[in-house]
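Any read-out appearing in this document is the output of simple, stated calculations on the displayed coordinates, not a laboratory observation. Bear in mind the structure is a predicted one, so any value in this text is a computation, not a measurement. No Cβ is skipped: glycine too gets one built from the backbone with ideal geometry, and neighbour counts run over all protein chains shown.
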Amino acid sequence: MEKKKSEVETMKEKGIASAMEKNSECRDRDCFIHGHLKTHGRFFDGTVTKKFLKRVAIEFEKTVYVRKYERYAKSRTKIHARLPKCIGEQIEVGDYVRVQECRPLSKLIHFAVIEKINGRKLKEEEK
Ligand SMILES: [Zn+2]
């Protein structure tokens, strides 16, 4: 799930540029583009399962090796991520988004949505 840093950084910059153009009125303090929030660390891609006013819950699957049975098992991970106002309008339940780690914003939230990457996941599922 984790991508190469250079690739991710350029994608993030592109996302920031497009968001800047679209929305210059964002007054969200915890927006990583217009506010003071800095994102760093791990990246994850997942499907939005629930949308709240200022956060989303995303879910993704990964395979984990179980040593006892020498086999791989599927495991699901759920992450709550901060949803900035300027990105929030575009995102609906079922969308495929990318989140990045940030400082803990609350008990649940220590990730922030940085990009909408809809479509790519759907194509993979069709195969
Ligand atoms: Zn913003």
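Structure notes:
- The label-point distance for Glu59 and Leu108, in a model that sets each label 7 Å from Cα toward Cβ, rounds to 1.4 nm.
- Label zone of Thr49 (point 7 Å out along Cα→Cβ, amide N under 13 Å): in segment 75-109 this covers 75-81, 94.
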